[in-house]
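All remarks here apply to the structure that follows.
Just so it is clear, none of the values below were taken in a lab; they were calculated from the coordinates. In this text the structure is predicted, and so the values were computed from the model without any measurement. When we count neighbours, we look across all protein chains shown, and the Cβ atoms used for this are built from the backbone with ideal geometry, even at glycine.
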Amino acid sequence: MKKSSVAVFLFAVLLPFHACQAQGAATLLTPEIGGIKQVVEIKTDDTSKPVLLFLSGGPGSSMMNTSSAFTNILKDRFTLVQWDQRDAGKTLKLNPSPTQPTLAQMESDTYEVIEFVRKELKQEKIYLLGSSWGNVLGFDIVRKHPGLLHAYFAVNPVVSQLASEQELLQVLKVTFADNADASKELASVNIPFKADEDLFYLRKWLFYKEGKKYVTSNEFRNGFLQWSKVWSPVWNQVMAVDLPRTLKQVDCPVYFFVGKNDIQTSTRITKEYFEILQAPKKGLFAFENSGHQIHHDEPEKFQQAIVQTLDKAVR
């Protein structure tokens, strides 16, 4: 399976740098970021509006093609920016990463993208939103460059992923106690992960619990293990992330969005981190009808929560 197919499975012709492709109010740009061209989409009818940059989950996935479903309200208040990270979405189609992605490289790319967007839109500060894995990149910016942000939105964030994966494994073992195949595979899982199959079995039965029956197919297995060749080294680095230990205070407003039914990134762990985190302003929005994909599960409430923070900020 091709790398581009794997990214879509799991989770266009582009013009040169500073050329753009008009799509109504949307513009695609391809600046050089981290030594390769990366695709940045800007949607606005007024570049003086505050900028909201989304950091996709994954790693290796894109929010770009589905963004209209969860930005129809936000577009009236923000200049919206989507970025396809290296080895994901339109950036992957344009040019695969010449080297194996690393966490340090992805963090560096994120900072370069923010600097590009600030310069392109002539804005001193932006709003930044991380979804799932995107929070690994987002909290790195919060830690190192808080002066670049009006505020940070942490949506179902990676907080303490080792503990979260351990909690997930126990939930799945209980859920599938009467399923012989699931029980056998889950019993083989090592945390920390020793092989790509460890994460595969966790995600397979998590997705199956969510109703995605196709995860039992050979195609899904092959696609996931192909994804792992690129991204498991990065995810193993993510497993070392422990924000309650390493980031207890931040210097910009932070707002947490948590799905009540999220067991992929533990809601309990996120709420406990929110309680201890010191910030100039902070807030927590609970989504009673959401799992790990709040922006898809409750898109209107998701957007209204963001707008609410903007309205408070400008008063």
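Given R0 = 41 Å, the distance between the Cβ atoms of ALA286 and ASP181 translates into a calculated FRET efficiency of 0.75. Looking at region 213-315, the GluC sites (Glu not before Pro) that sit in a DSSP loop and have at most 13 other Cβ atoms within 10 Å of their own Cβ are GLU288. Using θ = phi - 60° in the Karplus curve 6.51 cos²θ - 1.76 cosθ + 1.60, the 3J(HN,Hα) couplings for region 65-76 round to 6, 10, 5, 4, 6, 10, 10, 5, 8, 4, 4, 7 Hz; x is entered for Gly and Pro.
For the chain, the normalised intensity computed at q = 0.09, 0.13, 0.15 Å⁻¹ comes to -0.44, -0.95, -1.28 (log10 of I(q)/I(0), Debye sum over alpha carbons, equal scatterers, no solvent).
Using 1/(1 + (r/R0)^6) with R0 = 35 angstrom and r between the beta carbons of LYS194 and LYS122, what's the FRET efficiency to the nearest 0.05?
Details: r = 49 Å, r/R0 = 1.40.
Efficiency at R0 = 35 Å is approximately 0.10.
Identify, among SER228, GLY211, TYR152, the residue whose Cα sits farthest towards the positive end of the charge dipole of region 131-234, taking +1 on the Cβ of Lys and Arg and -1 on the Cβ of Asp and Glu, with the dipole about the Cα centre. Of SER228, GLY211, TYR152, it is TYR152.
What is the magnitude of the charge dipole of region 161-238 about its Cα centre, with +1 placed on the Cβ of each Lys and Arg, -1 on the Cβ of each Asp and Glu, and no other charges, expressed in debye to the nearest 20?
On the way: 10 positive and 10 negative charges, 27 e Å.
That gives region 161-238 a dipole magnitude of about 120 debye.
Packing around the peptides 204-210, 168-174, 43-49, taken as the average count of other Cβ atoms within 10 Å per residue, puts them in this order, highest first: 204-210, 168-174, 43-49. Model label points for LYS271 and ASN222, set 7 angstrom from Cα along the Cα-to-Cβ axis, are 4.3 nm apart.
Give, rounded to the nearest 20 debye, the magnitude of the charge dipole that the chain has about its Cα centre when Lys and Arg contribute +1 at Cβ and Asp and Glu contribute -1 at Cβ. Could the numbers behind the result be given before it?
Details: 36 positive and 34 negative charges, 39 e Å.
In debye, rounded to 20, the chain gives about 180.
Amide hydrogen proximity for VAL254: with H placed 1.01 Å from N in the peptide plane, the residues at 5 or more positions away or on another chain lying under 5 Å are TYR152, LYS281, LYS282, GLY283.
List the GluC sites (Glu not before Pro) within region 71-164 that DSSP assigns to loop and that have no more than 13 neighbouring Cβ atoms inside 10 Å. All intermediate terms of the calculation are to be shown ahead of the outcome.
Numbers: sites: GLU107, GLU112, GLU115, GLU120, GLU124; in loops: GLU124.
Of the GluC sites (Glu not before Pro), the ones in loops of region 71-164 whose Cβ has at most 13 other Cβ atoms within 10 Å are GLU124.
For LEU162 and VAL307, the difference between the fully extended length at 0.36 nm per residue and the C-alpha to C-alpha distance is 48.9 nm. Projecting the Cα atoms of VAL51, ALA104, GLY130 onto the dipole axis of the chain, where Lys and Arg carry +1 and Asp and Glu carry -1 at the beta carbon, places VAL51 farthest toward the positive end. Region 233-265 and region 182-216 have Cα centres separated by 22 Å.
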